[in-house]
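Input: a single structure, listed below in structure tokens.
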Amino acid sequence: MACKTSRKLLRLMGRGATNLPGKIANRICPDLLRHLAKDVHVIAVTGTNGKTTTSRMIEQILKDNGYDYFCNKSGANLLNGVTAEFADNATIGGKPKHAWALVECDEAAFKKVGEYSDPEYVVVTNVFRDQLDRYGEVMATLDNIKIGIGHSKRAVVCLNADCSLTASIAEEIDNEILFYGVNTPIYKERVHEASDAPYCIHCKHEYVYDYITYGHLGKYRCEHCGYHRPDPDVFVTKVLVTDESHSEIEIDMGDGAVTKAAIHLPGGYNIYNGISAMCLAKALGLRTEQAVDCLSNFEVGFGRMEAFQLGQATTRMILIKNPAGCNQVLNFLSNLSEQSVFVILLNDNFADGRDISWIWDVDFETLTRIEDKLDAVYVSGIRAYDMATRLKYSGIDKDKLCVIEDYGKLLDTIAAQDKPVYIMPTYTAMMDLRALVSKRYGYKNFWE
Ligand SMILES: [Zn+2]
């Protein structure tokens, strides 16, 4: 009741109310989620990058196949946010209103959420280095996920075969496991990225790769101890096209039949999100056509390449939050064929990560290779000058760099562009800018 009432009140006040109601409720009953999730079939999605897009793709599968479900939509992926969502989707007496729950869960919060919600299905997207001050190193992230799965005894677990860290979870659990992967390189030309996991997780010798798809993902093996990429159960056999609007791929759901699928989102990393959702579909027992058709049409997740028309400018907003994710965005942008304008917003609030040193691990140098297609780079956010400094070091022509601190002025500048504008904010910068966009241009608030 406390949860429901506070959420209603906060929403009346025009607030998103994604976390506070859950915080209040968990204060009263610390394991409330355990009670609320008891009679619900839970699908949990966790991992460093791609959680939101993967969840939205899975949602499309559930919707198209007639599942009665609810999900945590607005990026409330910590224990309080998840609890609030379950409370919202239960009666005052705590009885669930829906049979299924699709839960996107932060890796650190998965320890508790995994324990309390006892999921039947768990999808792990990947493990990358995230904001150091919040999550510690990749091994700590991996441990959090392992602990969460340890609590999910009955779960069928979908793991990324191409991520040497994620795949290693299989060795420590007794759960039924399905692996997914990409059996081919994705990009013809790859941005050179620093690997978050160059050395064998078991014996610390350097991995040998047959191919790398991006970051540390690919077909790896350790020639010293023999640890290697497991053969995936669901996989991409071919990448036919990957451009600024979509990818076309061929998928084998493990039955030897190859099916064509389209992913209407740019960027090779979305191919991974797609194949992980297909893996979950297989775990659910869906037929190939029931799953693959769903991929072709779904709404884009909040902040993960959302399109807006601002004044005369066609803009896309892409959340950036860690080196691997940001490199993927740059990888995508460096393949653009038209003149464009970039906007980067760097904040250092808690939700962004207080430590912004990660921007020095991002390969912004790649932008110099497409400089002729780059009209201007506008920089804003609390740490705008740090970002501008980083870009200056990358070698970008300083006449193309411009810091605009005021978001109002920034939006004016964006709205006056006659070229596509790509806006890359960190999390809280996105929330602030998104609020101003809603106010000025009447776009929906994110929780609607
Ligand atoms: Zn080894």
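The values are calculated or read from the model by the stated rules, or taken from the named source; none is laboratory data. These numbers were taken from a predicted model, which means no experiment stands behind them. When we count neighbours, we look across all protein chains shown, and the Cβ atoms used for this are built from the backbone with ideal geometry, even at glycine. Side chains included, ligands, DNA and RNA excluded: accessible areas come from the protein's heavy atoms. Shrake-Rupley method; radii C 1.70, N 1.55, O 1.52, S 1.80 Å.
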Quiz prompt | Subset of the range 215-236 [at negative phi, of a type outside the set (Asp, Glu) and out of contact with any Lys or Arg (no Cβ under 6 Å at 6 or more places or on another chain)] | solution = His216, Leu217, Arg221, Cys222, His224, Cys225, Tyr227, Pro230, Pro232, Phe235, Val236
Quiz prompt | Among (1) open to solvent by less than 20 Å² (accessible area, probe 1.4 Å); (2) within 16 Å of the ligand (Cβ to nearest atom); (3) not small (Gly, Ala, Ser) - the single one His202 does not satisfy | solution = (1)
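Examine the range 5-28 for a residue that is assigned to a loop (DSSP other than H, G, I, E, B), assigned by TED's automatic domain parsing to the domain that holds Ser152 and closer than 29 Å to Val138 by Cα, and state whether such a residue exists. Full working, then the answer.
Of the range 5-28, the ones assigned to a loop (DSSP other than H, G, I, E, B) are 13-19.
Restricting the remaining residues to those that are assigned by TED's automatic domain parsing to the domain that holds Ser152 gives 13-19.
Narrowing the set further to residues that are closer than 29 Å to Val138 by Cα leaves 18-19.
Among the residues of the range 5-28, at least one is assigned to a loop (DSSP other than H, G, I, E, B), assigned by TED's automatic domain parsing to the domain that holds Ser152 and closer than 29 Å to Val138 by Cα, which makes the answer yes.
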Quiz prompt | Total residues in the range 42-93, condition of a type in the set (S, T, N, Q), out of contact with any helix residue (DSSP H, G or I) (no Cβ under 8 Å at 6 or more places or on another chain) and under 22 Å from Ile149 (Cβ atoms) | solution = 2
Quiz prompt | Any hit, the range 410-424, residues being buried (at least 16 other Cβ atoms within 10 Å of the Cβ), without any contact (Cβ under 8 Å) to a residue 60 or more places away in the chain and closer than 25 Å to Leu336 by Cα | solution = yes
Exercise. Pick out the one residue from Ala283, Ala313, Ala291, Ala351 that is over 30 Å from Val157 (Cα atoms), in contact (Cβ under 8 Å) with a residue 40 or more places away in the chain and open to solvent by less than 50 Å² (accessible area, probe 1.4 Å).
Key: Ala313
Quiz item: Scanning for something in a helix (DSSP H, G or I) and farther than 30 Å from Leu165 by Cα, does the range 52-64 turn up at least one residue?
Solution: yes
Quiz item: Do we have Asp196 as away from the ligand (no atom under 15 Å from the Cβ), surrounded by 18 or more Cβ atoms within 10 Å (Cβ to Cβ) and more than 23 Å from the chain's Cα centre (by Cα) here?
Solution: no
Practice problem: Check off (1) farther than 20 Å from Ile43 by Cα; (2) more than 16 Å from the ligand (Cβ to nearest atom) for Ile147 and give me the number that stays unchecked. | Solution: (1)
Quiz item: Looking at this structure, is Tyr209 within 16 Å of the ligand (Cβ to nearest atom), over 25 Å from Ala109 (Cα atoms) and of a type in the set (Ser, Thr, Tyr)?
Solution: yes
